[in-house]
Amino acid sequence: MHRDLLLNKITNILDDTNDSLEATLVSMCDDAKRIFITGAGRSKLVGNFLGMRLMHSGYEVFVQGEISTPSIRKGDLLIVISGSGETTQLVSFTNKAKSEDAKVVLICSKSSSTIGDLADQTIQIGNDNSFAPTKGMPMGTMFELSTLIFLEAMVSHLIHERGIEEEEMRHRHANME
């Protein structure tokens, strides 16, 4: 029963998400010298998923907060995952990226936000009414799961379009596990 509730809710949210935004995000990644990904809490974990898949696909990717993450520069792309688009630390990262003339894309649940106002592109998952409190789906669960599936679909789009074979991706996968 709960599995069906979750799957139906995610399906409805993704039905309300603009399909063309997958290609927009792929294009922004292609245009970037390097890709930086940030988020807070569980949104950061979704960013980690994305970072790994983009690295597997051949992009140079850094997850903000890792000790080896370099400074962001002109020509780079910062992908911010924030349901609200208001997380103080992420606003600061966005301002820094913009001051260095890097591009910023926000993946969020709100049509209007502080980070959205600064971003070059905003990708709204669902619509402003998609994330009303739902019993059994607390504290951003639906945003995080919907965003994860949207981003996995985006990666599927890019590896299909480029004809990237799984073996090529596996070759880039960590081998010191």
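For the reader, a short list of remarks on this structure follows.
- Selection within region 11-23 - surrounded by 11 or more Cβ atoms within 10 Å (Cβ to Cβ), assigned to a helix (DSSP H, G or I) and under 16 Å from the mean Cα position of the chain (by Cα): ILE13, LEU14, LEU21, GLU22, ALA23
- Hey, ILE107 of a type outside the set (Asp, Glu), in contact with a Gly (Cβ under 9 Å, 6 or more places away or on another chain), under 13 Å from GLU22 (Cβ atoms) and not in a helix (DSSP H, G or I) or not: yes
- Look at region 146-172: where a residue is basic (Lys, Arg) and a partner is surrounded by 10 or more Cβ atoms within 10 Å (Cβ to Cβ), sitting 6+ places away or on another chain with Cβ atoms under 7 Å, you get ARG172/MET55; ARG172/HIS56.
- Filtered by the rule that a residue be surrounded by 12 or more Cβ atoms within 10 Å (Cβ to Cβ) and not in a helix (DSSP H, G or I), region 156-173 gives a lone residue, ILE164.
- SER27 vs. criteria in a loop (DSSP other than H, G, I, E, B), surrounded by fewer than 21 Cβ atoms within 10 Å (Cβ to Cβ) and not charged (D, E, K, R): no
- Scanning region 34-79 for residues that are in a loop (DSSP other than H, G, I, E, B) and surrounded by 16 or more Cβ atoms within 10 Å (Cβ to Cβ) gives ARG34, ALA40, SER57, TYR59, GLN64, ILE72, ASP76.
- Selection status of MET176, more than 17 Å from ILE37 (Cβ to Cβ), in a loop (DSSP other than H, G, I, E, B) and modelled with pLDDT under 95: yes
- Any hit, region 87-95, residues being within 25 Å of LEU6 (Cβ to Cβ), under 14 Å from the mean Cα position of the chain (by Cα), aliphatic (A, V, I, L, M) and modelled with pLDDT of 95 or more: no
- Scanning region 87-105 for residues that are touching a residue at least 40 places away in the same chain (Cβ under 8 Å) and touching an Asp or Glu at 6+ places or on another chain (Cβ under 8 Å) returns ALA97, ALA102, LYS103, VAL105.
- Count of region 110-135 residues which are assigned to a loop (DSSP other than H, G, I, E, B) and modelled with pLDDT of 90 or more: 8
The values are calculated or read from the model by the stated rules, or taken from the named source; none is laboratory data. Keep in mind it's a predicted model, so treat the numbers as computed, not measured. As a convention, Cβ positions derive from the backbone with ideal geometry for all residues, glycine included, and neighbour counts pool all protein chains shown.
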